[in-house]
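First the structure, in the form of structure tokens, and then the observations on it.
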Amino acid sequence: MSVRRLNHAVLWIRDVDRSVAFYTDVFGFQVDHLIPGRAAFLSAPGSLNDHDLGLFALGADAPGPEQGRVGLYHLAWEVGTLGELAELGQKLGELGSLVGATDHLVSKSFYAKDPDGNEFELMWRVPREDWPSQDTETRPGPLDLPAAITRWGTDLKTGSAAGSPS
């Protein structure tokens, strides 16, 4: 028996309205169910899930995540094209949420934090035929998004956007 994919994520947050505004603005999520001041359930457009993200409020004084402590490090959300990744990276930069960018060789990624400090990754999957071979000595490094766009363009759909089940 094995799992197939992540069905949804649930985060502890401080303020429902603030987090809903962030995730609907940045990710384009829609609100499926709202319990004012307490919880929200959001989904990506076209999602077949009941919800993709649950948000449960702890209150304004709740401590935030702490780096180096046991717990979730980040969630990775996949985008379909490098154009979408570039657009989201720009938006996250404008919001002051962007904290890093990495070329993982099999994916191109931005790292950011939501208003409560929960870290997430936005990634575009490199076409499988362009992954390095297992005996290649290359390692992840800084993201050069313009070079990736020169190679694959802004509109090439990969991963789930191209119909890949995983």
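Do you know which residues across the stretch 23-73 are outside any strand (DSSP E or B) and touching a Ser or Thr at 6+ places or on another chain (Cβ under 8 Å)?
Initially, the stretch 23-73 is screened for residues outside any strand (DSSP E or B), giving 23-29, 36-38, 44-52, 58-73.
Those that are outside any strand (DSSP E or B) and touching a Ser or Thr at 6+ places or on another chain (Cβ under 8 Å): V26, F29, N49, D50, H51, D52.
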*Does the stretch 42-54 hold any residues that are touching a residue at least 40 places away in the same chain (Cβ under 8 Å) and either open to solvent by 30 Å² or more (accessible area, probe 1.4 Å) or of a type in the set (S, T, Y) (or both), and which are they?*
D50
*Quick one: what pairs do we get from the stretch 55-74, first residue surrounded by 10 or more Cβ atoms within 10 Å (Cβ to Cβ), second among the β-branched types (V, I, T), C-beta under 6 Å, 6+ apart or different chains?*
L55/I13; A57/I13; A57/V16
_Pick from the stretch 121-160, criterion among the hydroxyl-bearing types (S, T, Y) and touching a strand residue (DSSP E or B) at 6+ places or on another chain (Cβ under 9 Å), ranking: most open to solvent (accessible area, probe 1.4 Å)_ = S160
*What tally of residues in the stretch 121-165 results from selecting those that are more than 21 Å from A76 (Cα to Cα), assigned to a loop (DSSP other than H, G, I, E, B) and modelled with pLDDT of 95 or more?*
1
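Mind listing just one residue for me: the one in the stretch 127-146 that is hydrophobic (A, V, I, L, M, F, W, C) and out of contact with any helix residue (DSSP H, G or I) (no Cβ under 8 Å at 6 or more places or on another chain) and, of those, nearest to L58 (Cα to Cα)? Before you say what the answer is, go through the steps one by one.
Looking only at the stretch 127-146, we keep the residues that are hydrophobic (A, V, I, L, M, F, W, C), and these are 131, 143, 145.
Filter again for out of contact with any helix residue (DSSP H, G or I) (no Cβ under 8 Å at 6 or more places or on another chain), leaving 131, 143.
Values: W131: 42, L143: 35 Å.
If we take residues in the stretch 127-146 being hydrophobic (A, V, I, L, M, F, W, C) and out of contact with any helix residue (DSSP H, G or I) (no Cβ under 8 Å at 6 or more places or on another chain), then L143 is nearest to L58 (Cα to Cα).
Among the listed residues E84, E78, which satisfies the condition of being within 20 Å of F22 (Cβ to Cβ), modelled with pLDDT under 95, buried (at least 17 other Cβ atoms within 10 Å of the Cβ) and of a type in the set (D, E)?
Selected residue: E78, the only one of E84, E78 that is within 20 Å of F22 (Cβ to Cβ), modelled with pLDDT under 95, buried (at least 17 other Cβ atoms within 10 Å of the Cβ) and of a type in the set (D, E).
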*What are the residues in the stretch 87-97 that are closer than 26 Å to L156 by Cα, open to solvent by 60 Å² or more (accessible area, probe 1.4 Å) and touching a helix residue (DSSP H, G or I) at 6+ places or on another chain (Cβ under 9 Å), if any?*
K91
*asked:* Of everything in the stretch 104-120, what is open to solvent by 30 Å² or more (accessible area, probe 1.4 Å) and either among the aromatic types (F, W, Y) or not in a loop (DSSP other than H, G, I, E, B) (or both)? Give them in sequence order.
replied: K113, E119
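In the stretch 1-32, what residues are among the basic types (K, R) and modelled with pLDDT under 95? Please lay out each step first, then the result.
Residues of the stretch 1-32 among the basic types (K, R): 4-5, 14, 18.
Once the filter is applied, which keeps residues that are among the basic types (K, R) and modelled with pLDDT under 95, the stretch 1-32 yields R4, R5.
The values are calculated or read from the model by the stated rules, or taken from the named source; none is laboratory data. In this text the structure is predicted, and so the values were computed from the model without any measurement. Virtual Cβ from ideal backbone geometry, glycine too; neighbours counted across all protein chains shown. Heads up: the accessible areas ignore ligands, DNA and RNA and are worked out on the full protein's heavy atoms, side chains in. Shrake-Rupley method; radii C 1.70, N 1.55, O 1.52, S 1.80 Å.
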